[in-house]
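Peer 1: Structure provided below as structure tokens; questions to follow.
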Ligand SMILES: Nc1ncnc2c1ncn2[C@@H]1O[C@H](COP(=O)(O)OP(=O)(O)O)[C@@H](O)[C@H]1O
Ligand SMILES: [Mg+2]
């Protein structure tokens, strides 16, 4: 038995490269050997630039996408294949909140009806009590009965995302995967909505995977952070460690870009160059073409994700491994 609620082991997913339909089929490795675990009630942040594979990983964690390699273990059982009966039953325990709340809602149904809907689908509670339960759920996310009577387009973006959250909570899930849940919202209300997610996470004792391209959003809510680059995790640690002493040059650049962080002990850095293209993966370390600290080994040899600091952190960088040779051990 493990104390992880969710465990992903060596997940990989490739898609056909754009434009290769009629030529020799090239592949884009969107996710390449990612292992991650989430304990009950814990929030893990997943951060990285657009296109680095966060959504693909999120979909595999939920069983919405079949991995090419690796497996997902939820509550000590291997995740059943998508769309089977066993998987649909599991879906009550794992919910998804994604970026576009309008796309997630039915334009013709009232807000309260949509929050009540999963109760019907999963046969939860008495049918005549479901609208009352929906009202309770809406109140938990700060929406009134008046809001409940409206249609999605009559609410603001923030209110719609609150609705999606209420709907996700209807089945009392144990795990919520949130994929860029505030990225489409006005900057002025992003912090408010993240705070709501954090409150709900605590009240319900939920485990959460919180995905964002923005480290500012992730740090507000996550106890642990995993940093992704080109389909792989390049660093993982507690949010405090990641912010105060980032080790991977890419993480250092991400942290440098966050205002009002007590500046890390390391030198300020920025990421130059274009965001990486998974169709053109460089040899050696994926980050080396943009890394100001790259040494010859970085061009030839791919660094492994190693356990450091007694296993409390993981990092995939030759420079760090060189500095901590005795502590470095291959991470699982
Ligand atoms: N369904 C798909 N078909 C083809 N390529 C895809 C598909 N989904 C994602 N990709 C590609 O996989 C890579 C990772 O995408 P994604 O997981 O959406 O990254 P992120 O969420 O970090 O922006 C990108 O290059 C993207 O173009
Ligand atoms: Mg995405």
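Only the coordinates and a few stated rules stand behind these numbers; no lab work does. Since we're looking at a predicted model, the values are computed, not measured. Cβ sites come from the backbone with ideal geometry, for glycine too, and all protein chains shown count toward neighbours.
Peer 1: With label points built 7 Å along Cα→Cβ from the Cα atoms of residue 204 and residue 124, find their separation and express it in nm.
Peer 2: 0.7
Peer 1: Separate question: Based only on Cα atoms, what mean projected area does the convex hull of the stretch 1-159 have, in nm²?
Peer 2: Values: hull surface 49.6 nm².
Average of the hull's projected areas for the stretch 1-159 equals 12.4 nm².
Peer 1: Given the options 36, 94, 189, which has the most mean-square fluctuation in a GNM of the chain, springs set between C-alpha atoms less than 10 angstrom apart?
Peer 2: 189
Peer 1: Limiting things to C-alpha atoms, what are the Rg and the maximum Cα-Cα separation (Dmax) for the stretch 104-172, in angstroms?
Peer 2: 10.6, 31
Peer 1: Mind checking which of 135, 149, 207 has the largest fluctuation in a GNM of the chain, springs on alpha carbons under 10 Å?
Peer 2: 149
Peer 1: Return P(r) of the stretch 112-258 (all Cα-Cα pairs; 5 Å bins starting at 0; whole %; ordered from short to long distances).
Peer 2: 2, 9, 18, 18, 17, 13, 9, 7, 5, 2, 0, 0
Peer 1: Would you mind checking the tilt of helix 111-121 against the longest principal axis of the Cα atoms of the chain, expressed as 0 to 90 degrees and rounded to 10?
Peer 2: Once rounded, one gets 80 degrees.
Peer 1: GNM, the chain, Cα, under 10 Å: largest mean-square fluctuation among 32, 240, 214?
Peer 2: Ranking 32, 240, 214 by mean-square fluctuation puts 240 first.
Peer 1: Could you order peptides 218-228, 275-285, 107-117, 76-86 by the average number of other Cβ atoms within 10 Å of their residues, highest first? Don't skip to the answer; put the middle values down first.
Peer 2: Working: 218-228: 22.8, 275-285: 16.5, 107-117: 19.5, 76-86: 12.3.
Answer by packing, highest mean first, reads 218-228, 107-117, 275-285, 76-86.
Peer 1: Given the Cα-Cα distance of residue 39 and residue 183 and 0.36 nm per residue of separation, how much length would full extension add, in nm?
Peer 2: Numbers: separation 144, 0.36 × 144 = 51.84 nm, distance 2.54 nm.
Contour length minus Cα-Cα distance gives 49.3 nm.
Peer 1: Now for a separate question. Taking 7 Å along the Cα-to-C-beta vector as the label spot, tell me the residue 26-residue 66 distance in nanometres, rounded to one decimal.
Peer 2: Placing both labels 7 Å beyond Cα along the Cβ direction yields 2.6 nm.
Peer 1: Now for a separate question. Largest first and in whole Å, what are the equivalent-ellipsoid semi-axes of the chain based on the Cα gyration tensor, each being the root of 5 times an eigenvalue?
Peer 2: 36, 22, 19
Peer 1: How much FRET efficiency would the formula 1/(1 + (r/R0)^6) give for residue 156 and residue 281, where r is the Cβ-Cβ distance and R0 is 51 Å, rounded to 0.05? It would help to have the intermediate numbers written out before the result.
Peer 2: Details: r = 41 Å, r/R0 = 0.80.
Approximately 0.80, to the nearest 0.05.
Peer 1: For residue 87 and residue 274, what is the calculated FRET efficiency with R₀ set at 30 Å and r taken between the beta-carbons, to the nearest 0.05?
Peer 2: Working: r = 38 Å, r/R0 = 1.27.
Computed FRET efficiency for residue 87 and residue 274: 0.20.
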